[in-house]
1. When only Cα pairs under 8 Å and 6 or more residues apart are kept, what is the percent relative contact order across the stretch 106-235?
2. In square angstrom, what is the accessible area per residue of the stretch 46-168 with a 1.4 angstrom probe?
3. Report, by chain and number, residues whose modeled amide H sits under 5 Å from the one on residue 178, excluding near sequence neighbours (fewer than 5 apart, same chain).
4. Putting +1 on Lys and Arg Cβ atoms and -1 on Asp and Glu Cβ atoms, find which of 18, 126, 194 reaches farthest to the positive end of the dipole of the chain.
5. Tell me, what does the Kirkwood hydrodynamic radius of the chain come to in angstroms if you use every pair of distinct C-alpha atoms?
6. Would you mind checking the radius of gyration and Dmax of the stretch 57-188 based on alpha-carbon positions, in Å?
7. First select every other residue whose beta carbon is under 10 angstrom from the beta carbon of residue 75; then total the charges, Lys and Arg +1, Asp and Glu -1.
8. Using alpha carbon centroids, what distance separates the stretch 174-241 and the stretch 96-146, in Å?
Amino acid sequence: MTKAVYVVGTDTEIGKTLVTGALIYILRKNGCSAVYFKAALSGAESIDGKVIPGDTDFVSSIAGIEEEYEDLTPYIYKTAVSPYLASQIENNPVDIEVVRDKFSNLSKKYDYIICEGSGGVTCPIADVNNRVYTLDNLISDMGMDVILVARAGLGTINHTLLTVDYLRNRDISISGIVVNGYRDSMLCDDNIKMIKKMTGIPVLGVMPFVDKKSDSFMEDVKKESEKVFEPKKIIECMKEI
């Protein structure tokens, strides 16, 4: 049976895509049948007349996934707002049953699926029966545990604890925390120490800061992820679905 986990963040632009790509890269590098899934993506680019979902493209490239973008990310929007608002602007609402079907198709082909959330955990995704359907609704309905990505720098303790409390109140289990963007400093070291102590959740790994503007960005992510993550520990964070 397929095992899966959702990667979520304490905020948007927190490094979920980098961490998700790193986790899947490590699994696939070590011979695991692993794939990426993201229900809805906004802010896609148009290159040479083709819409490119940046997150899906990055993870596919770094992990060597050869699947059509639409099969990994059923809803792709150009407008850089929440998927819910983008779907209204572009007149293409998210159908949760389509999301489930696409996920189910992948589960028949792969042993491990790492899903990436959109924005923060309360990010609006769709309208279901005249109510706002958020990312945490989707995670809960799919019966998933989560890996929480938190930034290493200033403000992370507050954001992390609030997100942890929210997820716990929603009965969503957090199997591990990844601290992203680490720099060698007293602040970052203390933040990691406090997050461990105040949440009681194991830290799966600490990813150092990797410069996105570097020509070697993708190779740098691979190199650092090989130092940080172990396949066995990643798999232990996943549950059968």
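1. Answer for the stretch 106-235 is 18 percent.
2. Roughly 46 Å² per residue, with all protein chains present.
3. Residues meeting the amide H criterion: 148, 149, 150, 204.
4. 194
5. Every distinct Cα pair counted, the radius reaches 18.0 Å.
6. My reading of the Cα-based Rg and Dmax gives 16.3, 49 Å.
7. In short, -1.
8. Computed from Cα coordinates, the inter-centre distance equals 23 Å.
The values are calculated or read from the model by the stated rules, or taken from the named source; none is laboratory data. It should be emphasised that the depicted structure is a prediction, and the values quoted were computed from it without experimental measurement. Virtual Cβ from ideal backbone geometry, glycine too; neighbours counted across all protein chains shown. For accessibility, only protein heavy atoms count, side chains too; no ligands or nucleic acids. Shrake-Rupley method; radii C 1.70, N 1.55, O 1.52, S 1.80 Å.
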